[in-house]
Amino acid sequence: MAGLQELRFPEEKPLLRGQDVTELDNPDTFLSVVDTDWKEHDIETPYGLLHVVIRGSPKGNRPAILTYHDVGLNHKLCFNTLFNFEDMQEITKHFVVCHVDAPGQQVGASQFPQGYQFPSMEQLAAMLPSVVQHFGFKYVIGIGVGAGAYVLAKFALIFPDLVEGLVLMNIDPNGKGWIDWAATKLSGLTSTLPDTVLSHLFSQEELVNNTELVQSYRQQISNVVNQANLQLFWNMYNSRRDLDINRPGTVPNAKTLRCPVMLVVGDNAPAEDGVMADSGGLPQVTQPGKLTEAFKYFLQGMGYMPSASMTRLARSRTASLTSASSVDGSRPQPCAHSESGEGMGQVNHTMEVSC
């Protein structure tokens, strides 16, 4: 892609510091929380209750960081590794953080009654303004993975004034075709639900090579998430429609996201077409250091997190950054970065990160 440069930073410790992959068999690895400042809320929305966990309070005009997990997970299984990562604390202390669980996916959720209609992907997005209003957020920076990335992208398309930026990991903007739909149906007949979901979360290479990590997630998905509720979410995700979005300037009157976007895809992705691919893999779990560093530069590009407030994090990456900056003599960036046209009075830019 013309005009883009990509710098890759090796991650010496792809899991939590001092942690062996076998430790992931312990549920506390995913479900423990660093501190007790998190508060749980059940928020009424036009399409039912949403379970939300929040830390901090709105800080002036700063946006909240709002996360949405992938199908098969919940906010703890999806984001605890990233948000418990030491360097991430240098970022989150400046923002209120709000984790959203899709309906019925939180730990300890009751099973939905017989005949319950799970919200569509569009309705899941339409539930989020109730969260923003409940807490008095002016706008949010969304972080979504897989199905959660799709929901947040849809949210930004419908309610652009509420979204200041997006981090979209392993997003698949395309609906399922007939062949994909038939393959999913066949898989459901021959595989257990956790195994079917694992094939969405991980690439085939990871399923073969990362046995201990995959086994750990199989255990967590089977034991932590209500299986009947998960089946409803899984079915709805596979019934999604195309997002039908384009990069600004690519087609006349393009339907596009009108906020800065950071696209993240794992190196083990089966396809990496414009970073918009159902890539498999969990970069927020296996590469929290890379992701944190990229997120820092993304926020700085939006005018937040001046370098003076990031001295400890900057020092922790001095060696790799110095090496990378020697390539072109410019300020190092751990991702591809392009500037596109303006949208709604603000600069729209995209960062593309390969983890």
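The values are calculated or read from the model by the stated rules, or taken from the named source; none is laboratory data. Computed from a prediction, not measured in an experiment: that's the story for all the values here. Cβ: placed from backbone, ideal geometry, glycine included. Neighbour counts: every protein chain shown. Ligands, DNA and RNA are excluded from the accessible area calculation, which covers all protein heavy atoms including side chains. Shrake-Rupley method; radii C 1.70, N 1.55, O 1.52, S 1.80 Å.
Within region 20-47, the set of residues being modelled with pLDDT of 50 or more, open to solvent by less than 30 Å² (accessible area, probe 1.4 Å) and out of contact with any strand residue (DSSP E or B) (no Cβ under 7 Å at 6 or more places or on another chain) comprises just one member, Thr45.
Residues in region 74-93 that are closer than 27 Å to Gly303 by Cβ, in contact with a helix residue (DSSP H, G or I) (Cβ under 6 Å, 6 or more places away or on another chain) and open to solvent by 20 Å² or more (accessible area, probe 1.4 Å): Glu90 only. When region 262-310 is limited to residues that are assigned to a helix (DSSP H, G or I) and more than 21 Å from His69 (Cα to Cα), the one that is modelled with the lowest pLDDT turns out to be Ala308. Could you please find all residues in region 118-164 being over 27 Å from Asn226 (Cβ atoms), surrounded by fewer than 24 Cβ atoms within 10 Å (Cβ to Cβ) and touching a Phe, Trp or Tyr at 6+ places or on another chain (Cβ under 8 Å)? Selection gives Asp161, Leu162, Glu164. Under the condition of being in a loop (DSSP other than H, G, I, E, B) and either at positive phi or free of Cβ contacts under 8 Å to residues at least 40 places away in the same chain (or both), the residues counted in region 82-114 number 5. Annotation for region 202-214: no member residue is open to solvent by 60 Å² or more (accessible area, probe 1.4 Å), modelled with pLDDT of 85 or more, of a type outside the set (Gly, Ala, Ser) and under 26 Å from Phe155 (Cβ atoms). Per this entry, Val251 is not counted among residues that are within 19 Å of His69 (Cα to Cα), part of a loop (DSSP other than H, G, I, E, B) and modelled with pLDDT under 90. Among residues of region 211-239 that are under 16 Å from His75 (Cα atoms), those with a Cβ under 7 angstrom from a residue that is open to solvent by 20 Å² or more (accessible area, probe 1.4 Å) and among the polar types (S, T, N, Q), sequence gap 6+ or separate chain, pair up as Asn226/Gln111; Asn229/Gln111. Kindly indicate whether any position in region 56-65 is in contact with a Ser or Thr (Cβ under 9 Å, 6 or more places away or on another chain), surrounded by 17 or more Cβ atoms within 10 Å (Cβ to Cβ) and modelled with pLDDT of 95 or more. Yes, region 56-65 contains a residue that is in contact with a Ser or Thr (Cβ under 9 Å, 6 or more places away or on another chain), surrounded by 17 or more Cβ atoms within 10 Å (Cβ to Cβ) and modelled with pLDDT of 95 or more. Here the condition is being surrounded by fewer than 19 Cβ atoms within 10 Å (Cβ to Cβ) and touching a helix residue (DSSP H, G or I) at 6+ places or on another chain (Cβ under 9 Å); of Val96, Val107, Val71, it holds for Val107 alone. Of the residues Arg218, Arg241, the single one that is at negative phi, out of contact with any strand residue (DSSP E or B) (no Cβ under 6 Å at 6 or more places or on another chain), in a loop (DSSP other than H, G, I, E, B) and of a type in the set (Lys, Arg) is Arg241. Scan region 226-261 for residues that are among the hydrophobic types (A, V, I, L, M, F, W, C) and over 13 Å from Thr196 (Cβ atoms) and jot them down. Correct list: Ala228, Leu232, Met236, Leu243, Ile245, Val251, Ala254, Leu257, Cys259, Val261.
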